[in-house]
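Engineer: The structure's right below; bear with me while I get my questions together.
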Amino acid sequence: MTVVLTRLHAEARGRWRAWVGLAVLAGLVGGGVVAVLAGARRTDTAYPRFVAATNAFDVLVTNGGTTPENTNQVFDFEEIRARPEVADAALLHIYLPSGTTPSGRRFGVEDVVVLSDADGRFGRELNRARVLQGRLPQGPDELAITFLAGDQLGVGVGDVLQLQLTGPAGAAADAGGPPEAFRIVGEVAMQGGFPPLTGGLPPLVLISPAFVQAHPDAFQAFAVRLRAGREAIPGFQQELNRLARGEQVVSTDEIELTSVVQRSVGVQATALRLLAAIITVVSLLLLGQAWARQTSLDSGDHPVLRSLGMTSGQLRAVALARAVLLAVAAAPVSFVTALALSPLAPVGVARDAELHPGFALSVGYVGPGVAAVFLAVVTLAATPAWWSSRRPLSKLGGANPAMARSRLGDALAAAQLPAPAASGVRMALEAGRGRSAGPARSTMTTAVLGVATITGVLCFSASLGKLFDDPRQYGWNWDVQVGDPFAPALGADAQELIDHEAVAAASIGTVARLQIGSTRVDTLASDPVRGTIQPTILQGRAPSQATEIVLGTRTLKDLGADLGSTVTVTAGDRTADMQVVGRGVFSESSGASRLGDGGAVTLDGLRRLVPEAEPDLVLLRLAPTPGGQALLDDLLETRPTNIYVPSQPTDLADLGRVGALPSVVALIITLIAVATLAHTLVTSVRRRRRELAVLKVLGFTRSQVSATVVWQSTTVAVVAVVVGLPLGIAAGRWGWQLFAGQLGVPPQPATPALALVAVAAATILLANLVAAVPARLAARTRPSLILRAE
């Protein structure tokens, strides 16, 4: 043991700086990975914790409103509140908004839902709002916006909205009063204000109870919290259908809201876990190489130590003790790093749901994470030293094995290429031997990985851009929608629109919420009245009979159905069997809660379930002429509400929030590849100085020696491009097709040819720039000094 401690002390005196550097680097990297994983968990759980802690409603149901006759007439609020399964309930007053923002932007019912209750419990006790900025509204001219509403309208605390709020009587008489000034006094987070929203529900805006008391003319809705929580929602929905006595029930529940929000949050959490995995793999590779090089230096004294009597066991004990010391130093660094980075989580929309932002010590991640860092450091530091100590004494100081030759290098030499080119290619492809050995394979692998990653990111981003640029791919197979399920039945002005000379095709329809098994499906019911307009069809065809239905990709998966299947559809107390004849994509304006959800039937098909259903929206495809654009401009100018034009679905909001992550990953790997290439070139110049000296003795000039190093770097870049580009294209296209299939949109990958040519050129150019300094160092090689030392 004395021998081991003596040797360990001697090594520490001479190499403690290198040891400390490796330990701190391992601790920083390990702590960063632990922080990312803990942040992913914190992100993943933020919204469910928010819902549980804020007494969020389980069911939000409108009191009729599907026709003028049943508005506020379907349910008795007191009867619902008195039911034994109801723990709490609030009678909400909803107003139809029409107004302008300070920037002059006009908005209406498709942008926000303005509501409150008369006693002020909603937002304060039931479905409590977390105030992000400002306060809750108190005066009749004050309101609080959810952060999603603020983002969509481009407004914030302190802004004044010119707003007209209308109830059923005012809407029926088309006699809303003049706009009034409302000051935004708070920005809040509450259920019903997190993206993406479901069922076409716009984000909430909270008006003051004082306004409700002064304006009783309002649409009614009930916010209900159940004693048994989400487990009681299906039974309560059935009870609502019974109480509705055949009227259509329009409701949103916690399961529906949480599932889509959590899916959005889950994408961000998954992205963080992917980032942690990439950092872990790359860091293990780089740290493994660093420790292997350090071990190579440390083992240089092994022949002398073995000759002096140290055994292999004692050398292994020294290696293990060294590794433990490094791990002991790295573990607290990783703990401090993870704790210091914890305020950066949660990320994205989950950050607004986090009830306790700031520093957070996740024992379930930080404890095991620090232990994993300790074990990883011990393994990385001890393994190469362990193997080095096992080599027989005869091999420690003996001749080096023959160096594996490169066939490509031999071929270039036979092709009579310039000597610097042939020498540079050999240095890039052949690792060398003995003290001149360098990390050729790991450098090549890292370079290929860098090019492949950048290529994959570009292909995926190009495919995503193609989706965003083509509204038909996310369900907008028409140019404009006039009306919605909250609008009255179509009148003479609708027919005037349909007959307009600038309209190429038109359909009329409505949106209804149907039940298929345990799944509620927002369904577009439409009939063409001019030309042909149908949903975007991915497979099969559009419905043409009253017994046919088209469903979204996710809806089909949830139902366990496929094309040709027969599903039982329910609305109220009526049921009908329908055959699935197609798989389609539906826009949010036509009722889809998210991409891949929704359905489509004919109007006759809907009337089998809802006999009183009447069309209240018009789908128009405009002629690609100046007249078509003029008609669209006129609609947007003269009808500020109930006019819908193609817009990117909120279901893709999660992509926007983590859209920079692929680029970040690509940048990290690029920097690693560049650093690895630079390190390889510098190491190669230093370790192969004897070979460079021999080249000079054989007649190489300074410029030819420099050219040799440049050719070495260029060879690495060319191999990276030749191998990495096809791998990246294949990975990017495969990743997009998989993603599009899960998202329920057309799987149409794109390959940005010009961008990939630029990647290839930039890779080779960057490799030459990186080689500039090592090439100059190589040119300064002094053969007399080096060969004399050898």
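The values are calculated or read from the model by the stated rules, or taken from the named source; none is laboratory data. Note that this is a predicted model, so its numbers are computed, not measured. Because the Cβ atoms are built from the backbone with ideal geometry, glycine has one as well, and the counts that use them run over all protein chains shown. Areas reflect the complete protein model, heavy atoms only, side chains present, ligands, DNA and RNA absent. Shrake-Rupley method; radii C 1.70, N 1.55, O 1.52, S 1.80 Å.
Engineer: Consider only pairs whose beta carbons are under 7 Å apart and that are at least six residues apart or on different chains; among these, list those whose first residue lies in segment 119-136 and is within 15 Å of I207 (Cβ to Cβ) and among the aliphatic types (A, V, I, L, M) and whose second residue is open to solvent by 50 Å² or more (accessible area, probe 1.4 Å) and not in a strand (DSSP E or B).
Structural biologist: Listed pairs, sorted by first residue: L136/R124.
Engineer: Can you tell me which residue in segment 455-501 is modelled with the lowest pLDDT, limited to those that are open to solvent by 50 Å² or more (accessible area, probe 1.4 Å) and of a type in the set (A, V, I, L, M, F, W, C)?
Structural biologist: Step one: of segment 455-501, the residues open to solvent by 50 Å² or more (accessible area, probe 1.4 Å) are 458, 460-461, 466, 468-469, 472, 479, 486, 488-490, 492-493, 495-496, 499-501.
Next cut, of a type in the set (A, V, I, L, M, F, W, C) only: 458, 460, 468, 486, 489-490, 492.
Working: L458: 86, F460: 87, F468: 82, F486: 62, A489: 67, L490: 73, A492: 73.
Among those residues, the one meeting the criterion is F486.
Engineer: A further question follows. Return the only residue of Q748, Q704 being open to solvent by 50 Å² or more (accessible area, probe 1.4 Å), closer than 30 Å to V585 by Cβ and at pLDDT below 90.
Structural biologist: Q748
Engineer: Taking segment 735-761, which residues are within 23 Å of P535 (Cβ to Cβ) and β-branched (V, I, T)?
Structural biologist: Of everything in segment 735-761, just one residue is within 23 Å of P535 (Cβ to Cβ) and β-branched (V, I, T), namely V745.
Engineer: Answer with yes or no whether G517 is closer than 21 Å to V580 by Cβ, open to solvent by less than 70 Å² (accessible area, probe 1.4 Å), small (G, A, S) and in contact with an Asp or Glu (Cβ under 9 Å, 6 or more places away or on another chain).
Structural biologist: Details: closer than 21 Å to V580 by Cβ: yes; open to solvent by less than 70 Å² (accessible area, probe 1.4 Å): yes; small (G, A, S): yes; in contact with an Asp or Glu (Cβ under 9 Å, 6 or more places away or on another chain): yes.
Criteria met by G517.
Engineer: Restricting attention to segment 325-373, report how many residues are touching a residue at least 24 places away in the same chain (Cβ under 8 Å), under 30 Å from G150 (Cα atoms) and surrounded by fewer than 13 Cβ atoms within 10 Å (Cβ to Cβ).
Structural biologist: Adding up the residues that qualify gives 2.
Engineer: If you don't mind, there's one more thing I want to ask. Of all residues being open to solvent by 10 Å² or more (accessible area, probe 1.4 Å) and either in contact with a Gly (Cβ under 6 Å, 6 or more places away or on another chain) or of a type in the set (A, V, I, L, M) (or both) in segment 109-131, which is nearest to I184 (Cα to Cα)? Just the residue, please.
Structural biologist: In this case the residue turns out to be V131.
Engineer: Would you say T566 is at pLDDT below 90, more than 29 Å from G65 (Cβ to Cβ) and open to solvent by 70 Å² or more (accessible area, probe 1.4 Å)?
Structural biologist: On the way: at pLDDT below 90: no; more than 29 Å from G65 (Cβ to Cβ): yes; open to solvent by 70 Å² or more (accessible area, probe 1.4 Å): yes.
Criteria not met by T566.
Engineer: List pairs: first in segment 742-768 and free of Cβ contacts under 8 Å to residues at least 12 places away in the same chain, second surrounded by fewer than 17 Cβ atoms within 10 Å (Cβ to Cβ) and not hydrophobic (A, V, I, L, M, F, W, C), Cβ under 7 Å, 6+ apart or cross-chain?
Structural biologist: As it stands, the answer is P747/Q737; P747/G741, since those pairs meet every condition given.
Engineer: If I ask for residues that are closer than 29 Å to Q481 by Cα, β-branched (V, I, T) and surrounded by fewer than 20 Cβ atoms within 10 Å (Cβ to Cβ), which ones from segment 61-108 would you list? Walk me through how you get there before you give the answer.
Structural biologist: So the first thing to find is which residues in segment 61-108 are closer than 29 Å to Q481 by Cα, and the list is 61-74, 92-108.
If we keep only those that are β-branched (V, I, T) too, we end up with 61-62, 66-67, 71, 74, 94, 100-101.
Residues satisfying the conditions are T67, T71, T100, T101.
Engineer: Among the candidates V212, V261, V188, which residue alone is within 34 Å of the chain's Cα centre (by Cα), surrounded by 21 or more Cβ atoms within 10 Å (Cβ to Cβ) and assigned to a helix (DSSP H, G or I)?
Structural biologist: On the way: V212 fails: within 34 Å of the chain's Cα centre (by Cα); V188 fails: assigned to a helix (DSSP H, G or I).
When all the criteria are applied, what remains is V261.
Engineer: Are any of the residues in segment 76-89 in contact with a Gly (Cβ under 8 Å, 6 or more places away or on another chain) and aromatic (F, W, Y)?
Structural biologist: Filtering segment 76-89 down to residues in contact with a Gly (Cβ under 8 Å, 6 or more places away or on another chain) leaves 85.
Checking which are aromatic (F, W, Y) leaves us with none.
Taking every residue of segment 76-89 in turn, none turns out to be in contact with a Gly (Cβ under 8 Å, 6 or more places away or on another chain) and aromatic (F, W, Y).
Engineer: Moving on to the next point. From the list V585, V511, which one is at pLDDT below 90, surrounded by 23 or more Cβ atoms within 10 Å (Cβ to Cβ), aliphatic (A, V, I, L, M) and out of contact with any Cys (no Cβ under 9 Å at 6 or more places or on another chain)? Reasoning before the result, please.
Structural biologist: Values: V585 fails: at pLDDT below 90.
Selected residue: V511, the only one of V585, V511 that is at pLDDT below 90, surrounded by 23 or more Cβ atoms within 10 Å (Cβ to Cβ), aliphatic (A, V, I, L, M) and out of contact with any Cys (no Cβ under 9 Å at 6 or more places or on another chain).
Engineer: Also: Select from segment 520-542 the residues that are at negative phi, buried (at least 16 other Cβ atoms within 10 Å of the Cβ), under 33 Å from the mean Cα position of the chain (by Cα) and not acidic (D, E) and list them in ascending order.
Structural biologist: Result: R520, V521, T523, L524, A525, I533, Q534, P535, T536, I537, L538, A542.
Engineer: Restricting to segment 428-446, and then to whatever is open to solvent by less than 20 Å² (accessible area, probe 1.4 Å) and either aliphatic (A, V, I, L, M) or not in a helix (DSSP H, G or I) (or both), can you tell me which residue is modelled with the lowest pLDDT?
Structural biologist: Taking the candidates together, the pick is G432.
Engineer: Pull up segment 717-745, narrow it to residues that are over 29 Å from D558 (Cβ atoms) and among the β-branched types (V, I, T), then point me to the one that is least open to solvent (accessible area, probe 1.4 Å).
Structural biologist: Checked segment 717-745; the qualifying residue least open to solvent (accessible area, probe 1.4 Å) is V721.
Engineer: Restricting the first residue to segment 70-83 and requiring it to be hydroxyl-bearing (S, T, Y), which pairs with a second residue that is open to solvent by 20 Å² or more (accessible area, probe 1.4 Å) meet a Cβ separation below 7 Å and a spacing of at least six or different chains?
Structural biologist: What qualifies is T71/G65; T71/P168; T71/F219.
Engineer: If you don't mind, another one. Condition (residue is polar (S, T, N, Q), closer than 17 Å to G30 by Cα and either open to solvent by 40 Å² or more (accessible area, probe 1.4 Å) or not in a loop (DSSP other than H, G, I, E, B) (or both)) applied to segment 308-321: is it met by at least one residue?
Structural biologist: Taking segment 308-321 as the starting set, the residues that turn out to be polar (S, T, N, Q) are 311-312, 314.
From what's left, closer than 17 Å to G30 by Cα: none.
Checked against the condition, which is being polar (S, T, N, Q), closer than 17 Å to G30 by Cα and either open to solvent by 40 Å² or more (accessible area, probe 1.4 Å) or not in a loop (DSSP other than H, G, I, E, B) (or both), segment 308-321 yields no hits at all.
Engineer: Next up: Taking the condition open to solvent by less than 30 Å² (accessible area, probe 1.4 Å) and either of a type in the set (A, V, I, L, M, F, W, C) or touching a Leu at 6+ places or on another chain (Cβ under 6 Å) (or both), does A52 pass? Outline the logic, then answer.
Structural biologist: Numbers: open to solvent by less than 30 Å² (accessible area, probe 1.4 Å): no; either of a type in the set (A, V, I, L, M, F, W, C) or touching a Leu at 6+ places or on another chain (Cβ under 6 Å) (or both): yes.
No.
Rundown of residues vs (1) charged (D, E, K, R); (2) open to solvent by 10 Å² or more (accessible area, probe 1.4 Å); (3) closer than 28 Å to A525 by Cα; (4) modelled with pLDDT of 85 or more, yes/no style:
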{"site": "L603", "(1), (2), (3), (4)": "no, no, yes, yes"}
{"site": "L617", "(1), (2), (3), (4)": "no, no, yes, yes"}
{"site": "R621", "(1), (2), (3), (4)": "yes, yes, yes, yes"}
{"site": "P624", "(1), (2), (3), (4)": "no, yes, yes, yes"}
{"site": "T638", "(1), (2), (3), (4)": "no, yes, yes, no"}
{"site": "D651", "(1), (2), (3), (4)": "yes, no, yes, no"}
{"site": "L661", "(1), (2), (3), (4)": "no, yes, no, no"}
{"site": "V664", "(1), (2), (3), (4)": "no, yes, no, no"}
